[in-house]
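The values are calculated or read from the model by the stated rules, or taken from the named source; none is laboratory data. Computed from a predicted structure; not experimentally measured. When we count neighbours, we look across all protein chains shown, and the Cβ atoms used for this are built from the backbone with ideal geometry, even at glycine.
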Amino acid sequence: MVLKKKNILPQKGLIDSKVLESIQDSLIQSHAELIVKGLLDPKARQELKYYVAKDHGYAVKGNEEIVEYIVQETVGTGVIEEIIKDETVTDIGYNGTDLIIESNDIKKKYTGDIEITDDYIVRIIQKFANAVGKDFTPKQPILDAVFENIRVNAVNKSISPYGTTMSLRISRPKLVLNEKTFNTFAPGFMYDFFKAVVQAKSNIVIGGETGTGKTELQKLLISFIPFEQKITMIEDVQESHIKEMFPEKDIISWVTSGGVTYTNLIAAALRNNPRWIMISETRGEEAYEMIQAVLSGHKIITTVHSINARAIPKRLINMAKIGYSVSEDSLQEDIRRNFDFGVQIKRINYEGKVIRYLSEVVEFNEKKDNTVFEQRFIDGTFYYKVGDLSDEYKDRFLESGACITLPSGKEFTKSLK
């Protein structure tokens, strides 16, 4: 990722500062959403220019340069605006003292010439707060909001001793993990494996820590689903963008709200005749309804936080118990009988780069879990070994018309050096 150092703002002095402030206040009151949208959307900026020229003609006097300057001063977020334009950037954070930038493969501090101050960070946060109609003050010190494809969380310096903190997560409607990039994640034959297990309509749970790329793998798996199989996507924050990414597919996309939970939307999904129900992340009691959906014949691909693939059934049971009184033994049996694969992803930092890789794939079984694939990363080298599928699952492959041959029983290495 390359951050260009350049003069961010147009020439100052084009308009009196008090007049500029008055116009900005007016725009914030009437077009707050458009201001934030203008961070990424040139069309939104053009629309703002129209309103500036139309509603504040007394100040701009038909001068396009003044109009441009007002919009730039109102929308522009300086350094952060430039960073967001980099398509590889996924996260921008301010920890009270440093601006941290994360892309798909690197994490670093901003070391440019422009000073990043607490006041500057607060101005950015306020733009998001205005756009979503929330306050960010010492009395309302935490902001958690989503606007377009940017999720923002901020904590006011009144409860943050080292200064205001901010986290921006930018989600983009594209497949970061795809056939071309898959070889950095796992061997090519595992791409064919995932394609085949989706064709066989397998129930899959993707585990890993925050930031490992669980959502990216989920999106890749969704890409393999044909139009004939209806998909319902349920998220708490709209960040998969699968309806934009796959307009050729039959997709319903829903987002939870304050009064509408995952559990409510899973129940609603069952009445919409989907073949697949995608839960962006299973965190709580909705695990029970998800399991019931699987028992009724629907197919599921979801993500969870887990330490390894074999721990996934227990994680689902513990989450189901949050809202329901269940028999652990019975639920364990249901999960192992009806969920096909647990997938674990890991993330490490190596020589200044972030590496995300497929750690293991486990086939669940009532009697004994079966490791299909396992990969370790040690000092610049991947070590992986391949197991085999159960005879029962091989029959599933045959019935679905899927074809995959794994190099079972073999061990491989791949060096990054």
*Say we look at region 312-334 and pick out the residues that are surrounded by 23 or more Cβ atoms within 10 Å (Cβ to Cβ) and under 14 Å from GLN292 (Cα atoms); which of these is farthest from the chain's Cα centre (by Cα)?*
ALA320
*For residues that are surrounded by fewer than 18 Cβ atoms within 10 Å (Cβ to Cβ) and more than 19 Å from SER158 (Cα to Cα), scanning just region 117-138, find the one that is farthest from the chain's Cα centre (by Cα).*
GLY133
_Scope region 294-310; condition aliphatic (A, V, I, L, M) and within 13 Å of PHE339 (Cα to Cα); matching residues_ = VAL294, LEU295, ILE300, ILE301, ALA309
*Quick check, is LYS230 in the same structural domain as GLN344 (by the TED database), under 26 Å from THR90 (Cβ atoms) and modelled with pLDDT of 95 or more?*
no
*asked:* Could you list, ordered by first residue, the pairs with Cβ atoms under 6 Å in which the first is in region 394-408 and at pLDDT below 90 and the second is surrounded by 12 or more Cβ atoms within 10 Å (Cβ to Cβ) and in a loop (DSSP other than H, G, I, E, B), at least 6 apart or interchain?
replied: ARG396/ALA200; PHE397/ALA200; SER400/ALA200; ALA402/ALA200; SER408/ASP388
*asked:* I'd like to know if region 365-374 contains one or more residues that are touching a strand residue (DSSP E or B) at 6+ places or on another chain (Cβ under 6 Å), surrounded by 12 or more Cβ atoms within 10 Å (Cβ to Cβ), among the acidic types (Asp, Glu) and at pLDDT 95 or above.
replied: yes
*If only one of SER325, SER400, SER415 is farther than 23 Å from THR210 by Cα and in contact with a Gly (Cβ under 8 Å, 6 or more places away or on another chain), which one is it?*
SER415
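How many residues are surrounded by fewer than 14 Cβ atoms within 10 Å (Cβ to Cβ) and of a type in the set (A, V, I, L, M, F, W, C) if we restrict to region 245-263?
Residues that pass the stated criteria total 1.
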*Is region 82-97 home to any residue that is buried (at least 18 other Cβ atoms within 10 Å of the Cβ) and assigned to a loop (DSSP other than H, G, I, E, B)?*
no
*Go through region 139-191 and count every residue that is in contact with a helix residue (DSSP H, G or I) (Cβ under 8 Å, 6 or more places away or on another chain), free of Cβ contacts under 8 Å to residues at least 60 places away in the same chain, surrounded by fewer than 16 Cβ atoms within 10 Å (Cβ to Cβ) and not in a helix (DSSP H, G or I).*
2
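Please go through region 92-108 and give me each residue that is modelled with pLDDT under 95 and of a type outside the set (Gly, Ala, Ser), ordered by number. Please lay out each step first, then the result.
Within region 92-108, the subset modelled with pLDDT under 95 is 102-108.
Hits for region 92-108 are GLU102, ASN104, ASP105, ILE106, LYS107, LYS108.
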_Among (1) surrounded by 14 or more Cβ atoms within 10 Å (Cβ to Cβ); (2) in contact with a helix residue (DSSP H, G or I) (Cβ under 8 Å, 6 or more places away or on another chain), there is one condition LYS299 misses while meeting the rest; what is its number?_
(2)
*Residue by residue through region 350-404, note down the ones that are in a helix (DSSP H, G or I) and of a type in the set (A, V, I, L, M).*
LEU398
*Test ILE266 against the criterion of being closer than 21 Å to ARG337 by Cβ, surrounded by 18 or more Cβ atoms within 10 Å (Cβ to Cβ) and assigned by the TED database to the domain that holds ASN318, and give yes or no.*
yes
*Of all the helices (runs of 4 or more DSSP H) wholly in region 14-77, which have at least 3 residues that are under 37 Å from the mean Cα position of the chain (by Cα), surrounded by fewer than 21 Cβ atoms within 10 Å (Cβ to Cβ) and free of Cβ contacts under 8 Å to residues at least 40 places away in the same chain?*
17-37, 42-55
*Do you know which residues across region 192-212 are on the phi > 0 side of the Ramachandran plot and crowded, with 23+ Cβ neighbours inside 10 Å?*
GLY208
*Test THR215 against the criterion of being in contact (Cβ under 8 Å) with a residue 40 or more places away in the chain and in the same structural domain as SER359 (by the TED database), and give yes or no.*
yes
*asked:* Condition (residue is closer than 30 Å to GLU333 by Cα, without any contact (Cβ under 8 Å) to a residue 24 or more places away in the chain and not hydrophobic (A, V, I, L, M, F, W, C)) applied to region 279-286: is it met by at least one residue?
replied: no
_Test set (1) more than 30 Å from ARG376 (Cα to Cα); (2) at pLDDT 95 or above - GLY259 fails condition number_ = (2)
